[in-house]
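Notes follow the structure.
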Amino acid sequence: MSNEWTAVSPAHYKDVVPGLQYMQMMKYMLDGLEGDEAHLMGQIYKYLMRYGKKDAKNQELGKVYWYLCYLMLRNGMDPNDLYGTLEEISGLVNEAV
């Protein structure tokens, strides 16, 4: 195999936890989860781990937000509670500016 092959160890996942490969971290963090819950949590972890290392920060956070909201709704959260929380946070951010 050539030294150019980096698909399983891209730079944006290196040094998240020194000494561990991405797959080792994910196996540890997802232990005990199954099915779509494991998939959704894996996506959330993935985008958080590469925050600021691959795509624009807000693009990565938008992906985290999408998967997190989906997981929360899947777990029975009322969509209106999500809207209310977002409005509350928006108010806090606007006060701070």
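The values are calculated or read from the model by the stated rules, or taken from the named source; none is laboratory data. All of these numbers come straight from a predicted model, not from anything done at the bench. A quick note on method: Cβ atoms are made from the backbone with ideal geometry, for glycine too, and the neighbour counts reach across all protein chains shown. For the accessible areas, the whole protein counts, side chains as well, though only heavy atoms, and no ligand, DNA or RNA atoms are used. Shrake-Rupley method; radii C 1.70, N 1.55, O 1.52, S 1.80 Å.
Quick look at the numbers
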{"quantity": "Hey, Asn80 closer than 14 Å to Leu40 by Cα and either open to solvent by 70 Å² or more (accessible area, probe 1.4 Å) or of a type in the set (Lys, Arg) (or both) or not", "calculated": "no"}
{"quantity": "Members of the range 63-96 found to be among the hydrophobic types (A, V, I, L, M, F, W, C) and closer than 17 Å to His39 by Cα, listed by number", "calculated": "Val64, Trp66, Leu68, Cys69, Leu71, Met72, Leu73"}
{"quantity": "Verdict on Leu40 being under 21 Å from His12 (Cα atoms) and part of a helix (DSSP H, G or I)", "calculated": "yes"}
{"quantity": "Search result, residues across the range 38-55 that are open to solvent by less than 60 Å² (accessible area, probe 1.4 Å) and not β-branched (Val, Ile, Thr)", "calculated": "Ala38, Leu40, Met41, Gly42, Gln43, Tyr45, Lys46, Tyr47, Met49, Arg50, Gly52, Asp55"}
{"quantity": "Residue pairs meeting the criteria (Cβ under 6 Å; at least 6 apart or on separate chains; first modelled with pLDDT under 95, in the range 20-43; second part of a loop (DSSP other than H, G, I, E, B))", "calculated": "Met25/Val17"}
{"quantity": "Residue that is nearest to Leu86 (Cα to Cα) [pool: residues in the range 56-73 that are open to solvent by 60 Å² or more (accessible area, probe 1.4 Å) and among the aromatic types (Phe, Trp, Tyr)]", "calculated": "Tyr65"}
{"quantity": "Hey, Leu20 open to solvent by 70 Å² or more (accessible area, probe 1.4 Å) and among the hydrophobic types (A, V, I, L, M, F, W, C) or not", "calculated": "yes"}
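For (1) assigned to a helix (DSSP H, G or I); (2) within 24 Å of Gln24 (Cα to Cα), each residue gets a yes or a no:
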residue: Ile44; (1), (2): yes, yes
residue: Leu48; (1), (2): yes, yes
residue: Lys54; (1), (2): no, yes
residue: Gln59; (1), (2): yes, no
residue: Val64; (1), (2): yes, yes
residue: Met72; (1), (2): yes, no
residue: Ile89; (1), (2): yes, no
